[in-house]
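Visitor: Below is one structure. I have some questions about it.
The values are calculated or read from the model by the stated rules, or taken from the named source; none is laboratory data. Just so it is clear, the structure is predicted and the values come from calculations on it, not from any experiment. Here the Cβ is made from the backbone with ideal geometry for all residues, glycine too, and neighbour counts use every protein chain on show.
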Amino acid sequence: MHAITVWQDPEKLRHATREGAAAFIAAGIDPARSVLFNQSQVTAHVELGWIFNCVARMGWMSRMTQFKDKAGKNSENVSLGLFAYPALMAADILAYHATMVPVGEDQKQHLELTRDIAIKFNNDFGVNFFPVVDPIIEGAATRVMSLRDGSKKMSKSDPSDQSRINLTDDADMIAAKIRKAKTDPEPLPDTLDGLKDRPEARNLVNIYAALSGVSAAEVISEYAGAQFGTFKPKLADLAVSKLSPITTEMNRLMQDPAEIDRILGQGADRAEAIARPIVDQVYDIVGMVRSRRT
């Protein structure tokens with residue numbers, strides 16, 4: 001539902017949905033333990049999203065930086081969905097009465113909006129129904145930036161494929177993209193403070209830290225004084241070792257799309273069982289007549 005805020009080719013959307021599911025499974029998510037589903041199969045999301053459209057204020061939406069970034073100078077020509085999708089994101093969270101949500105740094109503003117919507121809903125209707133969620137922002141790379149511009153986050157929507165590493169990239173592509181990643185001519189500093197005004201260098205250090213499971217400070221300690229001609233090959237080897245097994249497993253899973261669809265459908269049933277009673281209670285709270293109860 002979020003994807004179609006910009007036009008999508010239907011066949012490519014179906015493929016991307018299955019590919020995304022395959023990526024989660026290949027990365028270690030066990031569908032037997034975790035509820036894995038595609039949002040569009042659980043209608044509670046869009047139902048609650050509409051109610052939240054009526055709770056959220058235009059001013060709140062106008063301040064969302066991601067809308068400004070994506071719309072650019074053409075804000076009058078983008079879809080209403082692109083403007084309003086943060087309310088749907090709030091519904092994705094609150095339809096399950098989530099209290100904590102793991103996100104990257106770039107999603108913190110959306111969590112703040114979710115908190116505002118929950119508080120306003122509770123106040124508007126004199127209830128203590130929706131929890132006020134807290135973000136969980138952990139790890140070295142809380143915001144992975146573009147390989148071509150350290151001031152912009154890494155994104156699938158970037159026109160340049162060289163700006164990002166895709167989980168579908170093979171080992172040679174991953175290594176080549178890291179070798180070509182934008183940097184500066186200075187060696188790596190002795191401390192993290194030395195990366196303050198060096199966004200591309202900081203990004204590569206953060207990526208290394210995240211992939212190796214250590215802190216950025218430990219990476220700097222190990223590679224202080226190293227030129228990028230030394231650091232980039234090490235990062236490329238690390239990225240290939242961590243990501244290539246995921247790519248291989250994704251490719252295997254994508255050979256059986258029917259099995260992926262079965263997993264997504266089963267996950268949607270489990271998600272629906274959690275979200276439906278919550279959204280039904282929301283309908284009662286706001287005063288909807290529900291005479292088709294089963």
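Visitor: Cβ contacts < 9 Å: first residue more than 18 Å from Arg270 (Cβ to Cβ), restricted to the range 90-107; second residue hydroxyl-bearing (Ser, Thr, Tyr) and surrounded by fewer than 17 Cβ atoms within 10 Å (Cβ to Cβ), any location; separation 6+ or different chain. Result?
Guide: Every condition considered, the pairs that remain are Val103/Thr142; Gly104/Thr142; Glu105/Thr142; Asp106/Thr65; Asp106/Thr142.
Visitor: Name the pairs whose Cβ atoms lie under 7 Å apart, with the first residue in the range 273-288 and closer than 16 Å to Lys120 by Cα, the second aliphatic (A, V, I, L, M), and 6 or more positions between them or separate chains?
Guide: From the range 273-288, the pairs are Val282/Leu48; Val282/Ile51; Ile285/Val127; Val286/Ile51.
Visitor: Among the helices (runs of 4 or more DSSP H) lying completely within the range 35-86, list those that include at least 1 residues that are among the charged types (D, E, K, R) and in contact (Cβ under 8 Å) with a residue 60 or more places away in the chain.
Guide: Filter on the range 35-86 gives 44-55, 65-71.
Visitor: Right, here's the next one. Which one is nearest to Asp116 (Cα to Cα) among residues in the range 4-34 that are aliphatic (A, V, I, L, M) and crowded, with 17+ Cβ neighbours inside 10 Å?
Guide: Residue satisfying both the conditions and the ranking: Ala21.
Visitor: Residues that are within 24 Å of the chain's Cα centre (by Cα), on the phi < 0 side of the Ramachandran plot and surrounded by 19 or more Cβ atoms within 10 Å (Cβ to Cβ): does the range 219-235 have at least one?
Guide: yes
Visitor: Related question: Can you confirm whether Ala239 is under 20 Å from Ile29 (Cα atoms), modelled with pLDDT of 95 or more and touching a helix residue (DSSP H, G or I) at 6+ places or on another chain (Cβ under 7 Å)?
Guide: Taking the combined requirement at face value, the residue satisfies it.
Visitor: Kindly indicate the residue of the range 6-47 that is over 15 Å from the mean Cα position of the chain (by Cα) and of a type in the set (Val, Ile, Thr) and also nearest to Met250 (Cα to Cα) among those meeting that condition.
Guide: Among residues in the range 6-47 that are over 15 Å from the mean Cα position of the chain (by Cα) and of a type in the set (Val, Ile, Thr), the one nearest to Met250 (Cα to Cα) is Ile25.
Visitor: I'd like to verify a number: residues in the range 243-294 that are among the hydrophobic types (A, V, I, L, M, F, W, C) and outside any helix (DSSP H, G or I), how many?
Guide: Residues flagged as among the hydrophobic types (A, V, I, L, M, F, W, C) and outside any helix (DSSP H, G or I) within the range 243-294 amount to 3.
Visitor: Please find, among Asp116, Asp149, Asp106, the residue that is over 18 Å from the mean Cα position of the chain (by Cα), assigned to a helix (DSSP H, G or I), surrounded by fewer than 19 Cβ atoms within 10 Å (Cβ to Cβ) and at negative phi.
Guide: Asp116
Visitor: Then there is this: Of the residues in the range 1-34, how many are touching a helix residue (DSSP H, G or I) at 6+ places or on another chain (Cβ under 6 Å), assigned to a loop (DSSP other than H, G, I, E, B) and within 16 Å of Ser157 (Cβ to Cβ)?
Guide: 1
Visitor: Also, quick follow-up: State which residue pairs qualify: first residue outside the structural domain of Lys70 (by TED's automatic domain parsing) and inside the range 1-23, second residue of a type outside the set (Ser, Thr, Tyr) and not in a helix (DSSP H, G or I) in any location, beta carbons under 6 Å apart, and separation of 6 or more residues or different chains.
Guide: Pairs found: none.
Visitor: Which of (1) surrounded by fewer than 19 Cβ atoms within 10 Å (Cβ to Cβ); (2) modelled with pLDDT of 95 or more; (3) of a type in the set (A, V, I, L, M, F, W, C); (4) more than 27 Å from Ala56 (Cβ to Cβ) is the odd one out, the single condition Phe125 does not satisfy?
Guide: Tallying (1) surrounded by fewer than 19 Cβ atoms within 10 Å (Cβ to Cβ); (2) modelled with pLDDT of 95 or more; (3) of a type in the set (A, V, I, L, M, F, W, C); (4) more than 27 Å from Ala56 (Cβ to Cβ), Phe125 fails exactly one: (4).
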